[in-house]
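Each value in this text was obtained by applying a stated rule to the coordinates, not by laboratory testing. Note that the structure is predicted; figures quoted are calculated from it, not measured. Cβ placement follows ideal geometry from the backbone for every residue including glycine, while neighbour counts extend to all protein chains displayed.
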Amino acid sequence: DEWKDRGSAVVARKEADRDSSPTTRVVKKGVKDFNFGRTLGEGSYSTVLAATDRTTLKEYAIKVLDKRHIIKEKKVKYVNIEKDTLNILGDHPGIVRLYYTFQDERSLYFVLDLATGGELLGFLKRLSTFDEECTRFYGAQILDAVAYMHSRGVIHRDLKPENVLLDDKMHIKITDFGTAKILAPPKPPPGDGSDYYQGDPMGGIDDTRANSFVGTAEYVSPELLTEKAACKASDLWAFGCIVFQLLSGRPPFKAANEYQTFQKIVHLEYEFPKGFPPVARDLVERLLVLDPTKRFTIDYIKSHKFFEGIEWGRKLWQQKAPRLK
Ligand code: ADE
């Protein structure tokens, strides 16, 4: 079978056999267990549909991927990376959770958290800019989720406001891990207890030179363009671009085409609009640093004055979201 299905979620169902002694049978969820609804999004290889579990009535977003198309376009590796990554990340309030996977003859199905608000980009476009309070809150939630994925050895590599979704509480959920990189464990720890990826050696660990992936032009880090290598700091470059964009309404590096955008990035050619808050400017200037080793790390960002008053960790996710304005 072309499609690996390791560790796929299953559901235990109590059944009575002929002697009426209860036995537990593990039944895999399938297409028939859901009612499919409206289209939430469409990508080049997938469609995301709203769906309801027929038994529990819980709502999900189901990503449907066309197997023939994925094989034809040689994207099998990316589909496996997305699934492996979501399984590594498991359950964090700031990351779209993968509940079940299954397939039929035509398609693969990823059953995910439904983020009813849709993309953060949609809200930004409607408001044109966020105020400092909203940028602080959404910036903090994005950073907390990125800190978690980095702690689990995952680099997203394509962070942008389209990949930040909002749930019914107007809290963020990061999505789209198809281009993520799964880091090998730093050192094989003695015994077990490692949080790091130890699965299929071809399932994403890719430290070869032929690492030709480039994310979305506007958020791509300079090291990816010059060294063809992404690291954890590359996600923090994208984070700096997002903070800049929330406050000013546009990403810092934007040009008529990709090539000119890349030129601006490698020459650090951007300007703050008038009225950009000075404390936020200081933070962005410490993130949009060409040398990834000189860029602010997560701990420094968290203690920067811009995030003063933010309670990191659990409390950040129990907080009421500020009204967008
Ligand atoms: N669009 C893409 N993924 C989605 C999700 N998980 N929830 C809502 N809309 C989406």
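Could you line up His69, His92, His171, His267 from fewest to most neighbouring Cβ atoms inside 10 Å? Let's see the in-between values first.
Details: His69 14, His92 18, His171 22, His267 11.
Arranged by neighbour count, lowest to highest, His69, His92, His171, His267 become His267, His69, His92, His171.
Trypsin sites (Lys or Arg not before Pro) within segment 98-140: which are DSSP loop residues with at most 13 other Cβ atoms inside 10 Å? The partial results should precede the final answer.
Details: sites: Arg106, Lys125, Arg126, Arg136; in loops: Arg106.
Those satisfying the criteria are Arg106.
If you filter segment 248-287 for trypsin sites (Lys or Arg not before Pro), then keep DSSP loop positions with at most 11 other Cβ within 10 Å, what is left? Display every interim value, and only then the final one.
Values: sites: Lys254, Lys264, Lys274, Arg281, Arg286; in loops: Lys254, Lys274.
Filter output for segment 248-287: Lys274.
Based on DSSP loop calls and a cut-off of at most 15 other Cβ atoms within 10 Å, the longest stretch of the chain free of exposed GluC sites (Glu not before Pro) is what?
On the way: sites that count: Glu2, Glu73, Glu105, Glu227, Glu269, Glu271, Glu308, Glu311.
Between the exposed loop sites, the longest stretch runs 106-226.
For the chain, what is the charge dipole size about the Cα centre, in debye to the nearest 20, if Lys and Arg each add +1 at the Cβ and Asp and Glu each add -1 at the Cβ? Numbers along the way, then the final one.
Numbers: 50 positive and 46 negative charges, 81 e Å.
With only Lys, Arg, Asp and Glu charged at Cβ, the dipole is about 380 debye.
Under the definition of Cα pairs under 8 Å and six or more residues apart, what whole-number percent is the relative contact order of the chain? Each step should come with its number before you reach the end.
On the way: 526 pairs, mean separation 48.1, N = 325.
In percent, rounded to a whole number, it is 15.
Using helices alone, I'd like the mean residue ellipticity at 222 nm for the chain: each DSSP H run of four-plus residues gives -39500 (n - 2.57), total over residue count, nearest 500. If you can, show how the numbers build up before the last one.
Values: 10 runs with 99 residues, N = 325.
Theoretical 222 nm ellipticity from helices: -9000 deg cm²/dmol.
How big is the charge dipole of segment 69-171 about its Cα centre, in debye rounded to the nearest 20, if each Lys and Arg gets +1 on its Cβ and each Asp and Glu gets -1 on its Cβ? Numbers along the way, then the final one.
Numbers: 14 positive and 16 negative charges, 92 e Å.
The calculated dipole for segment 69-171 is roughly 440 debye.
Could you give the radius of gyration (one decimal) and Dmax (whole number) of the Cα atoms in the chain, in Å?
20.9, 78
Restricting to lysines 8 or more places apart or on different chains, can you count the pairs in segment 57-193 with Cα atoms under 19 Å from each other?
23
So for the chain, taking the charge dipole from beta-carbon charges (+1 Lys/Arg, -1 Asp/Glu), which of Ile182, Ala115, Ala147 sits furthest toward the positive end?
Result: Ala115, furthest along the dipole toward the positive end.
Answer with one residue from Val26, Phe36, Ala229: the one whose Cα lies farthest towards the positive end of the charge dipole of the chain, charges on Cβ with Lys, Arg +1 and Asp, Glu -1.
Phe36
Separation of segment 51-92 and segment 224-286 by C-alpha centroid, Å?
So the separation of the two Cα centres works out to 30 Å.
Only Lys, Arg, Asp and Glu count, each charged at its Cβ (+1, +1, -1, -1), so figure out the dipole size of segment 37-99 about its Cα centre, rounded to 20 debye.
Details: 12 positive and 8 negative charges, 57 e Å.
Here segment 37-99 has a charge dipole of around 280 debye.
Which ordering of Ile142, Ile71, Ile298 is given by a fewest-first count of other beta-carbon atoms within 10 Å?
Numbers: Ile142 24, Ile71 13, Ile298 19.
Least crowded to most crowded, the residues run Ile71, Ile298, Ile142.
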